[in-house]
Amino acid sequence: MSSQGFSYPQDTLRAMAQDILDHARSRGASACEADVSEGFGQSVTVRRGDVETIEYNRDKGVGVTVYLGQRRGYASTSDFSRAALHATVDAALSIARFTAPDEAAVLPEAELLAHGETDLDLYHPWALAVEEAIDIARRCEAAAFAVSPQVKNSEGASVSAQQSHFVSANSLGFMGGYASSRHYLSCSVIAGKGDAMQRDDWYSTHRDAADLAEAELVGEYAARRALSRLGARKIATCEVPVLFEAPLAASLIGNFVYAVSGGSLYRKSSFLLDSLDTQVFSPQVHISERPHLPRALASSPFDDDGVATHDREVVEAGVLKGYFLSTYSARKLGLQTTGNAGGSHNLIVRPGKRDLVGLAALMGRGLLVTELLGQGVNYVTGDYSRGASGYWVENGEIRYPVQEITIAGNLRDMLRGIVAVGNDVLVRGSKQVGSILIDRMTIAGA
């Protein structure tokens, strides 16, 4: 085992990837892609002070894509032996022979591939002993119970430390890979009793464990969120402004990304077909993609195709300036890849000047949404309908918690109806955005 805790050093992963490419070539493949990866970690969950689960995970895998002209086949294995690697290549070739030709099934243009090494400071292993993880989780949960005797129960506090590394290569000469880490701390508690019980949670996740929020703060905030929901009621059906709290605002940006991603576009299953250079958001919305931010959760020097990533402006003053395309989807659309095979990289929505309190004041009267339920989004039409809970706001101030309601609208109108973006940015994944205020939506209540 290497000093980093991995069973295989990067050089070994590179040698395996090269062996796969060489064997594919010798067996008649016109092109080949190989991905070799390994990861491990541990997770601990404590509930009501007792250890509920201790989980260790160690995974490894190889994925092979081969091309016979415009026929493509894929096979995978978790066996790193040379015989297994060669057998996986042969299996992929067998699949390719029975696959219909696809003119979009090609490798990226060689000039678009990443070259050289780029260190984005993504690897911060956490040498977390089980006893220490248990202690952190217990302190987190205990802090939640200490907030109020009304915090009656817990769904647990969890601590997880994960790290992985990989190598990707293709027959055009690209080979790249790196190690990364991701750790998190979470707590979920229940307040009240009987039919009046309410739950809420909070978590913190980062590449470096040193950047995680203090365990006591995570537990305390989870408890305060649960307590603030006690006494929740229904409201009458109405049409009012809706304020999405930052964690949920990220899901709105995710809806947009899905709608302008290659798969949705070439299948013609998006309400934003042919929307390039058109007004998609309100004019004050600006979205940038920044793939090379140090330590960020969605940073990468290249995408899943090996294409080099670059900074770009996705939305300028509400106007869509770029899609999210892989090599394959770009070919299907007659366009060029945007380096987004595998997803987006650190989408940053330019924050406004107001925090959540300021946005509530700007809204005046309406609904602050802090939880969404269900998956009621139709990407073909843009129709949006989700179960929700949150808080009713009057005269710019929260009056009482709300539950058992549905919020509905159309994403096309919702994106264009964004009144303001908050500066309360919460970073938990590939979208970095503050709370979002939308001018109006229909609230279905009592």
Take the residues in segment 38-53 that are of a type outside the set (Gly, Ala, Ser) and either open to solvent by less than 80 Å² (accessible area, probe 1.4 Å) or within 23 Å of the chain's Cα centre (by Cα) (or both); name whichever of them is farthest from Pro108 (Cα to Cα). Val51
Restricting attention to segment 5-55, report how many residues are aliphatic (A, V, I, L, M) and either within 30 Å of Gly219 (Cβ to Cβ) or part of a strand (DSSP E or B) (or both). 7
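For (1) farther than 30 Å from Gly194 by Cα; (2) not charged (D, E, K, R), each residue gets a yes or a no:
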position	(1), (2)
Ala223	no, yes
Arg233	no, no
Thr237	no, yes
Pro247	no, yes
Ser270	yes, yes
Ser275	yes, yes
Ile287	yes, yes
Hits in segment 193-221 (condition: over 23 Å from Ser430 (Cα atoms) and modelled with pLDDT of 95 or more): Ala215, Glu216, Leu217, Gly219, Glu220, Tyr221
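So is Thr406 open to solvent by 60 Å² or more (accessible area, probe 1.4 Å), more than 26 Å from Arg290 (Cβ to Cβ) and hydroxyl-bearing (Ser, Thr, Tyr) or not?
The answer is no for Thr406.
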Residue check: is Tyr203 part of a strand (DSSP E or B), more than 21 Å from Cys140 (Cβ to Cβ) and open to solvent by 30 Å² or more (accessible area, probe 1.4 Å)? no
Residue set Gly417, Gly382, Gly422; condition touching a residue at least 40 places away in the same chain (Cβ under 8 Å), open to solvent by less than 10 Å² (accessible area, probe 1.4 Å) and on the phi > 0 side of the Ramachandran plot; output residue Gly382
Which of (1) open to solvent by 10 Å² or more (accessible area, probe 1.4 Å); (2) among the hydrophobic types (A, V, I, L, M, F, W, C); (3) closer than 27 Å to Arg233 by Cβ does Ile438 not meet, given it meets every other one? (1)
Index of the failed condition, Ile95 passing every other in (1) touching a helix residue (DSSP H, G or I) at 6+ places or on another chain (Cβ under 9 Å); (2) open to solvent by 50 Å² or more (accessible area, probe 1.4 Å); (3) not hydroxyl-bearing (Ser, Thr, Tyr): (1)
Taking interchain pairs and intrachain pairs at least six residues apart, which have beta carbon atoms under 8 angstrom, with the first residue in segment 23-37 and surrounded by fewer than 16 Cβ atoms within 10 Å (Cβ to Cβ) and the second part of a helix (DSSP H, G or I) and modelled with pLDDT of 95 or more? Arg27/Val89; Arg27/Asp90; Arg27/Leu93; Gly28/Leu93
Residues to consider are Ala127, Ala133, Ala84; find the one that is under 26 Å from Leu297 (Cα atoms) and either free of Cβ contacts under 8 Å to residues at least 12 places away in the same chain or surrounded by fewer than 16 Cβ atoms within 10 Å (Cβ to Cβ) (or both). Ala127
What do you reckon, is Ala236 farther than 30 Å from Thr45 by Cβ, among the small types (Gly, Ala, Ser) and either open to solvent by 20 Å² or more (accessible area, probe 1.4 Å) or modelled with pLDDT under 95 (or both)? yes
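The values are calculated or read from the model by the stated rules, or taken from the named source; none is laboratory data. Not measured: the values here are computed from a predicted model. Cβ sites come from the backbone with ideal geometry, for glycine too, and all protein chains shown count toward neighbours. When the accessible area is computed, the model is the full protein with side chains, heavy atoms only, and any ligands, DNA or RNA have been set aside. Shrake-Rupley method; radii C 1.70, N 1.55, O 1.52, S 1.80 Å.
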